[in-house]
Amino acid sequence: MKYEPASYVLVTPVRNESKMLAGLFESVLNQTAKPAMWIFVDDCSTDDTRDKIHDMAFGHNWIVSEKKEETGIPSWTRYGRAIDYGIKRSVELFDDTIHYPKLIGVLDADTILNERYFEETTRALSESPNGVIATGLISVEGGAARDSSPQPRGCARLYKRTFLDEVGGFRLGLAPDSILEIKAANRKYELIVCPEAKGVHRRGPSELSDISSFKVRGKVQYLLGMDTVTMLAMACLFSYSYGVRKSMNFVAGYLGGIKGENLQVEDPEIRQYYSKAWQRFFRKKESRLGVKSLLRI
């Protein structure tokens with residue numbers, strides 16, 4: 001398949017991201033392969049995010065800003081909803097729907113990429129018959145080495161549109177990136193990591209290691225359908241890697257999810273994956289990857 005420079009649409013959800021926009025815009029405008037359309041979805045920003053986007057996008061007719069406001073919905077569903085809205089809106093706004101790009105990118109506002117990021121990831125997906133998700137090597141600003149592992153991260157990805165259509169699009173609720181990874185793996189599709197595409201996720205290590213964040217992790221895992229045995233196995237891993245306090249917060253979050261009013265994911269494919277996680281953990285062939293997968297929620 002021939003590589004086409006402007007063969008992707010880029011979606012960026014934003015909410016009070018004013019301080020991050022300058023670096024983000026510079027990062028995308030310097031790309032050797034710019035998107036055919038870059039659509040921002042502003043989700044109830046209360047700062048000057050929207051005004052800054054308009055100012056920085058001036059003179060670039062391929063950059064679009066949309067506003068989407070939803071109230072009374074769980075905070076963890078907003079991200080997926082904003083991306084889903086951005087994708088659908090980009091299709092409506094694209095001048096030539098017949099030639100709408102075959103690749104869709106998702107880029108978080110707190111991310112900076114090297115100039116070749118989308119050139120490398122776009123080429124990788126265009127040339128791979130079995131690849132459906134591509135990302136670069138993403139590190140966390142100020143983070144430890146483990147944060148730079150060559151794994152697909154949700155902050156800067158490309159997806160094949162045919163794959164998103166096949167699995168029902170971007171999930172509106174919990175952990176949309178993880179769910180798309182699972183659906184790709186279940187279908188024997190490839191997740192491509194391009195070593196020449198590099199980026200930095202601009203959030204401090206404290207946000208990744210804060211004790212309270214482990215409580216959120218526990219609740220999310222319950223809502224995704226993780227069984228108790230797997231939860232306890234993960235708690236042991238967390239205790240060894242991060243300390244007892246963080247591990248106990250993870251357990252507390254999981255138990256809080258059981259007592260709460262939030263419903264678990266109904267998708268049987270996802271529930272089966274999480275309910276069988278402990279079996280994958282004990283498979284000798286997958287043990288090393290299993291540990292890394294369990295630690296990276």
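Considering each residue of the stretch 81-101 in turn, none proves to be out of contact with any Phe, Trp or Tyr (no Cβ under 8 Å at 6 or more places or on another chain), in the same structural domain as Val132 (by TED's automatic domain parsing), surrounded by fewer than 16 Cβ atoms within 10 Å (Cβ to Cβ) and touching a residue at least 60 places away in the same chain (Cβ under 8 Å). For the stretch 161-184, the criterion of a residue being modelled with pLDDT under 90 and over 21 Å from Asp84 (Cβ atoms) is satisfied by no position. From the residues in the stretch 254-269 that are charged (D, E, K, R) and not in a helix (DSSP H, G or I), which one is modelled with the lowest pLDDT? Step by step, filter the stretch 254-269, then rank; the result is Glu261.
When restricted to residues that are touching a residue at least 40 places away in the same chain (Cβ under 8 Å), of a type in the set (S, T, N, Q), surrounded by 17 or more Cβ atoms within 10 Å (Cβ to Cβ) and in a loop (DSSP other than H, G, I, E, B), the stretch 26-69 contains 1. Identify the residue in the stretch 85-120 that is basic (Lys, Arg) and outside any loop (DSSP other than H, G, I, E, B) and, among all such residues, is nearest to the chain's Cα centre (by Cα). Of everything passing the filter in the stretch 85-120, Lys88 is nearest to the chain's Cα centre (by Cα).
The values are calculated or read from the model by the stated rules, or taken from the named source; none is laboratory data. Please read these numbers as outputs of a predicted model, since none were measured by experiment. All Cβ positions, even for glycine, are placed from backbone atoms using ideal geometry, and neighbour counts span all protein chains on display.
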